[in-house]
Amino acid sequence: MSTGKVIVSAESVVMDYQTPTGIKHVLNDISFSLLEGEFASIVGPSGVGKTTLLRLLTGLMQPTSGTIRINGEVVTSPPPGLAVVLQDYTRSLMPWLTVEKNISLPLKRLGLSKTEIAETIELVLTEVGLRGNQKNYPWQLSGGMQQRVAIARAIAVRPQLLIMDEPFASVDAQTRFDLEDLVLKVRDDFKITTAMVTHDIDEAVYLSDKVVVLYGSPADVKEIVKVDLPYPRNQVASRGREEFAELRTKIYAQVRGLQ
Amino acid sequence: MKGANISVIRRFLPGVVSMLGFMLLWQLGTSFGPLSGGSLPSAINAISALGALFVLPEIWLAIGQTLFIALTGLLISVVLGIPAGVLVGLSPFAYRSLKPVLDFFKVIPPIVIIPIVILVFGPTTEMGIFLVVFANFFMLVFQSAYGVRDLDTVLLDTLRCYGMTKWDEIWHARIPGALPFIAVGVRIAVAASMIVAVVAGLIGGAPSLGQQMLLYQSSGQPNQTFAIVIIFGVLGLGLARIYSRLQRKIVFWTD
Ligand SMILES: Nc1ncnc2c1ncn2[C@@H]1O[C@H](COP(=O)(O)OP(=O)(O)OP(=O)(O)O)[C@@H](O)[C@H]1O
Ligand SMILES: [Mg+2]
């Protein structure tokens, strides 16, 4: 699914936080790369530094040392062509704006005309199964639907890179499966390079081409596990395969520090 | 239709009943209880005095003056206080520099500056308006500044990742995000404006219901004095109701 062009690269990334009690070393020496069209998950124990790594990838923060490049350029602020879906949809959508306005706000700077914007919104809402919800407010929708709006907003900007931090952590199990399949579909339709943090190892295996396992304090990349499950993937068949079970057991052991 | 009638009754009946109960207690308390025989008027006396007051032009004038002082002061403090607060909140430096000043003025009750204000304005309507503005301004500045600063970090991160300009961030996120805080400030200001408008008359001698009340009290007319308390209560309640409706429209996404 990948053309071999490097979109994201992290080179010897170190991150320390200054805290009132002193310096906290969070990331020790992180290197990995993400090819065009690839889907990578970042997993690791709670508090290991997954969100920290994502924030560095977005350019919202600068690493203490090492570099992050996107398209070969060192990232110092959020690069063009970036889209994000964060865990807490109640906090990432603006309750005072309709679904339509929430999606169109990031679109404005792309210089699209009014009709192009309306068409884009129609297209992405259809993609996520929310056609006709333009005029609703986020709080009128269920949690799963709100996260779909956040996904629609992300794909509306035609991003080159999509970054997601535990995007499905606050929805129920059934909705979670639906949203995972939505992400697979979106990815197939739009060919977006994606980096996603998740706590759910099964989810990481199900969705990814590679899983970056962080471990330790400060954290290192324990291993980058390639996932060769065939496409198209599907909840029953893919999860039932023998490789699936092997991969999840292996990653589980690494996250638990057993290997 | 019938269902609607029943739900209207359900909604208002408890309030009406407890109001009547309160009146009854008041009447009984002033007729038989330990309060009887004092100068505290009974419910019936106060209410009939209230009826009699309504034919007096000076009462209508006093109501008008009170509302004028309260609403003009409210308007001025809203128009000055909210933008000032938004600006202060948008600049971390301004916020840090001005917060001690705001905190200081916020805790000064408007009553204590009446002697000073009278020196400047005399016992006038302007004095009343100034007091109302003084009572509200710093609180509104504080609420607005706090509101624009309080933007959720997840939302802020999201907007920054999408390359939103500073202006979009302010206009589409910080200001609407501050509205619930501002609305609470205005709610407090609505109540405070009425109180201060009356106090300005009662203590500062500005023309208002407070001044009328003082007049009745000093001429030994407890029934009328009490009737004014009731007028004041009704006016305050009315304003609060009107504002509640407005508030629900402005910050429609909160509940
Ligand atoms: N702004 C900050 N200042 C100081 N320390 C921080 C800051 N942000 C995170 N940390 C610390 O850095 C470590 C990694 O945090 P991070 O949020 O990246 O972990 P995470 O892997 O995303 O955790 P979780 O799985 O719970 O989401 C934690 O120990 C956290 O307390
Ligand atoms: Mg995290």
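Taken along its three principal axes, the alpha carbon spread of chain B comes to 73, 61, 34 Å, from the longest extent down to the shortest. Under 10 Å, Cα contacts only: if you run a Gaussian network model on chain B, which one of B:Leu20, B:Leu151, B:Leu119 comes out with the highest mean-square fluctuation? Fluctuation is largest for B:Leu20. Summarising the amide proton neighbourhood of A:Val84: residues at separation of 5 or more, or on other chains, whose placed amide H is nearer than 5 Å comprise A:Ile163. If you model the protein assembly as shown as an ellipsoid using its alpha carbon gyration tensor, with each semi-axis the square root of five times an eigenvalue, the axes come out at 62, 27, 21 Å, biggest first.
Averaging 1/r across all pairs of distinct Cα atoms in segment A:45-169 and inverting the result yields a Kirkwood radius of 15.5 Å. Note that chain A presents 44 Å² accessible area per residue, ligands and nucleic acids not counted, probe 1.4 Å.
Checking every one of the chymotrypsin sites (Phe, Trp or Tyr not before Pro) in segment B:222-255 against DSSP loop status and a limit of 13 other Cβ atoms within 10 Å picks out B:Phe252. Helix B:2-31 versus the longest principal axis of chain B: what angle, 0 to 90°, nearest 10, using Cα atoms? Roughly 50 degrees between the two axes. Straight-distance candidates among the aspartates and glutamates for linking to B:Lys106, with alpha-carbon spacing under 17 Å and chain neighbours fewer than 8 residues away dropped, are absent. Think of a 1.4 Å ball rolled over the protein heavy atoms: chain B then has 55 Å² of accessible area per residue.
Counting helices only, and only those DSSP H runs with n ≥ 4, report the 222 nm mean residue ellipticity of chain B as the sum of -39,500 (n - 2.57) divided by its residues, in deg cm²/dmol to the nearest 500. Rounded to the nearest 500, it is -27000 deg cm²/dmol. The accessible area of A:His25, taken with all protein chains in place and a 1.4 Å probe, comes to roughly 100 Å². The spacing between segment B:187-204 and segment B:136-176, judged by their C-alpha centroids, is 31 Å. Using a probe of 1.4 Å on the protein chains alone, the accessible area found for A:Ser77 is around 60 Å².
All C-alpha pair distances within chain A, sorted into 10 Å bins from zero, spread as 7, 30, 35, 22, 6, 0 percent across the bins. The trypsin sites (Lys or Arg not before Pro) of segment A:55-160 meeting both criteria, a DSSP state outside H, G, I, E and B (loop) and at most 16 other C-beta atoms within 10 angstrom of the site's C-beta, are A:Arg131, A:Lys135. Could you give the angle, 0 to 90 degrees to the nearest 10, between helix A:173-190's Cα long axis and the longest principal axis of the Cα atoms of chain A? Roughly 80 degrees between the two axes. Computed across segment B:50-92, the Kirkwood hydrodynamic radius from all distinct Cα-Cα pairs reaches 12.8 Å. Charge tally for A:His25 (other residues, Cβ to Cβ under 14 Å; Lys, Arg +1; Asp, Glu -1): -2.
How large a share of the accessible area of segment B:41-254, in percent, is made up of carbon and sulfur atoms when the probe is 1.4 Å and the other protein chains stay in place? Please report the intermediate quantities before stating the final value.
Details: 7660 of 10280 Å².
Carbon and sulfur atoms account for 74 percent of the accessible area of segment B:41-254.
Of A:Met164, A:Met145, the order by accessible heavy-atom surface (1.4 Å probe, DNA, RNA and ligands excluded), from most exposed downward, is A:Met145, A:Met164. Nonpolar atom fraction for chain A, defined as the carbon and sulfur part of the 1.4 Å probe accessible area, stands at 52 percent.
Projected onto its three principal axes, the C-alpha set of segment B:1-66 covers 46, 37, 18 Å, listed from the longest axis down. Can you tell me the 0 to 90 degree angle between the C-alpha axis of helix B:175-202 and the longest principal axis of chain B, rounded to 10? Relative to chain B, helix B:175-202 is tipped by roughly 30 degrees.
Each label was represented as a point 7 Å from its Cα along the Cα-to-Cβ direction; for A:Val14 and B:Phe68 these points are 7.4 nm apart.
Segment A:31-52 and segment B:59-77 have their alpha-carbon centroids 62 Å apart.
Sorted by accessible area (1.4 Å probe), largest first, how do A:Trp139, B:Trp26, B:Trp60 line up?
Highest to lowest solvent-accessible surface, that is B:Trp60, A:Trp139, B:Trp26.
Placing pseudo-labels 7 Å out from each Cα toward the beta carbon at B:Asp255 and B:Leu20 gives an inter-label distance of 3.3 nm. Compared with its chain on its own, segment B:154-172 contains the following residues whose accessible area drops by 10 Å² or more in the full protein assembly (probe 1.4 Å; ligands, DNA and RNA excluded): B:Val154, B:Leu155, B:Asp157, B:Thr158, B:Leu159, B:Arg160, B:Cys161, B:Tyr162, B:Gly163, B:Met164, B:Asp168, B:His172.
For the pairs A:Lys185/A:Lys250; A:Lys108/A:Lys185; A:Lys5/A:Lys210; A:Lys108/B:Lys166; A:Lys50/A:Lys222, flag any whose C-alpha to C-alpha distance is greater than 21 Å. If you can, show how the numbers build up before the last one.
Values: A:Lys185/A:Lys250 27 Å; A:Lys108/A:Lys185 26 Å; A:Lys5/A:Lys210 16 Å; A:Lys108/B:Lys166 14 Å; A:Lys50/A:Lys222 13 Å.
Result: A:Lys185/A:Lys250; A:Lys108/A:Lys185 exceed 21 Å.
Estimated from helical segments only, the mean residue ellipticity of chain A at 222 nm is -11000 deg cm²/dmol, where each DSSP H run of four or more residues counts as -39500 (n - 2.57). Ordering A:Thr58, B:Gly204, A:Thr19 by the projection of their Cα atoms onto the charge dipole of the protein assembly as shown, which places +1 on the Cβ of Lys and Arg and -1 on the Cβ of Asp and Glu, puts B:Gly204 at the extreme positive end.
Between B:Pro110, B:Ser7, B:Ile69, whose Cα lies farthest towards the positive end of the dipole of segment B:1-114 when Lys and Arg beta carbons carry +1 and Asp and Glu beta carbons carry -1, centred on the Cα centre? Result: B:Ser7. Put simply, chains B and A cover up around 2000 Å² of each other's accessible surface, both sides summed, when a 1.4 Å probe is used. For a paramagnetic label modelled at 7 Å from the Cα of A:Thr90 toward its Cβ, which residues of segment B:131-153 fall within the zone defined by backbone nitrogen distances under 16 Å? Of the residues in segment B:131-153, B:152-153 have backbone N under 16 Å from the label point off A:Thr90. Only protein heavy atoms count here; under a 1.4 Å probe, B:Arg160 has an accessible surface of about 100 Å².
The values are calculated or read from the model by the stated rules, or taken from the named source; none is laboratory data. On a predicted model such as this, the values are computed, not experimentally measured, just so you know. Quick reminder, even Gly has a Cβ in these numbers, built from the backbone with ideal geometry, and neighbours come from all protein chains shown. Heavy atoms of the whole protein, side chains included, go into the accessibility calculation; ligands, DNA and RNA do not. Shrake-Rupley method; radii C 1.70, N 1.55, O 1.52, S 1.80 Å.
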